[in-house]
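The values are calculated or read from the model by the stated rules, or taken from the named source; none is laboratory data. Since this is a predicted model, take the numbers as computed values, not measurements. Please note: Cβ atoms are built from the backbone with ideal geometry, for glycine as well, and neighbour counts cover all protein chains shown. Ligands, DNA and RNA are stripped out before the accessible areas are found, and what is left, the full protein with its side chains, is counted by its heavy atoms. Shrake-Rupley method; radii C 1.70, N 1.55, O 1.52, S 1.80 Å.
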Amino acid sequence: MDKLSLYGWNEILFRQKQISDFSNLMHGRVSVTHKTCYEVVSESGNFLCELTGNMLYSRDPVDYPCTGDWVLFQSIDSQKGIIFDMLPRCKALYRLKSGQVSQKQAIASHIDKAFIVQSLDEHFNVRRIERFMLQLSEEGILPALILTKTDLGYNADDFESRLRHVSTKIPVFYTSIEMPETIARLREFISLAETVVFVGMSGVGKSTLINALCQQSILATAEISEATGKGRHTSTRREMVLMDSGGVLIDTPGVKLFGVTNDHSDSLSGLLGLNDFARECKYADCQHINEKGCAVIKAVEEGEIDRGVYENYLKLRKEAWHYNASVHEKRKSEKSFSKKLKKDMKLLKSNND
């Protein structure tokens with residue numbers, strides 16, 4: 001198997017390259033995203049690349065390359081290059097851009113699986129897991145929950161109870177770098193040429209876990225903080241590494257809040273285990289908020305649905321609706337501006353004639 005096949009290059013990507021205007025250029029995969037440039041791995045080696053002016057100024061920032069994207073580039077020398085085109089992005093992980101209400105940011109693309117990493121300590125948060133599951137649900141990315149630091153001791157019954165609605169939907173792995181057999185089981189879950197992105201808060205052990213899977217210190221890690229009991233933040237960029245067994249792993253910086261950028265209430269209710277009750281609602285279009293005859297609300301009141309799960313359902317729906325409403329207003333404003341610009345240009349041309 002050639003080098004790029006290990007990184008996921010396949011016949012579909014080859015055909016997409018053939019219809020590009022730049023099919024004569026080299027192709028490669030973005031392994032690290034910096035602010036103004038990209039590290040690209042190719043059959044001819046690794047290159048530090050910048051975008052052409054056309055790509056930089058004619059695209060929305062969300063459409064700039066991200067870690068995992070496949071690009072077509074021209075080498076300047078043995079170490080540098082210029083990116084001219086990007087193959088169609090699929091199975092991408094997005095998040096709401098910090099400080100924005102309608103702008104999303106691409107985190108990684110061409111992903112097969114996403115490992116949602118959480119540590120089994122006082123910072124464990126099942127609501128955050130549900131948030132990640134929703135964001136991944138529409139992209140065809142298989143999520144898995146990776147619970148770390150099991151060697152520090154935890155109440156198994158308590159965590160299993162809190163995760164009951166999650167564990168029926170996605171695989172769950174209990175791991176510790178002090179227990180090699182738990183890492184081995186996780187390694188077996190990653191197939192040849194498969195791409196896995198790691199997501200979670202700072203300090204949960206994403207980089208340490210990747211090093212353990214690769215069986216060598218590839219990514220920088222830090223000691224546990226005595227003050228907070230958490231690992232200190234070390235990942236500051238989205239970085240791709242290749243396992244000896246052929247799996248592709250993408251580390252990401254930790255984030256406190258992962259804003260959702262889709263509005264699929266059916267997916268959300270299914271992920272949170274509400275659908276079985278929703279089928280019994282009086283109205284087919286029931287929103288499960290305050291409608292009479294709502295079987296979901298009844299199940300919450302009778303304790304069949306955890307109230308925390310239900311309240312997070314309402315919160316995530318509200319966030320997603322707000323995002324989509326903001327995007328709609330933004331597009332409406334841009335369309336209005338475009339029409340006005342065309343009208344002004346037509347009037348200017350008429351006056352010049």
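May I ask which of Lys97/Lys318; Lys104/Lys315; Lys35/Lys169; Lys149/Lys318; Lys169/Lys318 have a Cα-Cα span longer than 26 Å here? Going by Cα-Cα distance, Lys35/Lys169; Lys149/Lys318 fall outside the 26 Å limit.
With every protein chain kept in the model, how would you rank Cys90, Cys294 by accessible area, 1.4 Å probe, largest at the top? Please report the intermediate quantities before stating the final value.
Working: Cys90 65, Cys294 10 Å².
The ordering from most to least exposed comes out as Cys90, Cys294.
In terms of its Cα atoms, region 103-167 spans 37, 23, 21 Å along the principal axes, sorted from long to short.
What net charge is computed for the residues neighbouring Tyr38, neighbours being all others with C-beta under 9 Å from the C-beta of Tyr38, Lys and Arg scored +1, Asp and Glu -1? Mind showing how you got there, number by number?
Working: positive: none; negative: Glu39, Glu50, Asp69.
Charge balance in the 9 Å sphere: -3.
The radius of gyration of the Cα set in region 1-121, together with its Dmax, comes out at 15.1, 52 angstrom. The 1.4 Å probe gives accessible areas that order Met26, Met133, Met201, largest first, as Met26, Met201, Met133.
What is the sum of charges around Leu6, taking Lys and Arg as +1, Asp and Glu as -1, for the other residues whose C-beta is under 14 Å from the C-beta of Leu6?
Neighbour charge sum, excluding Leu6 itself: -3.
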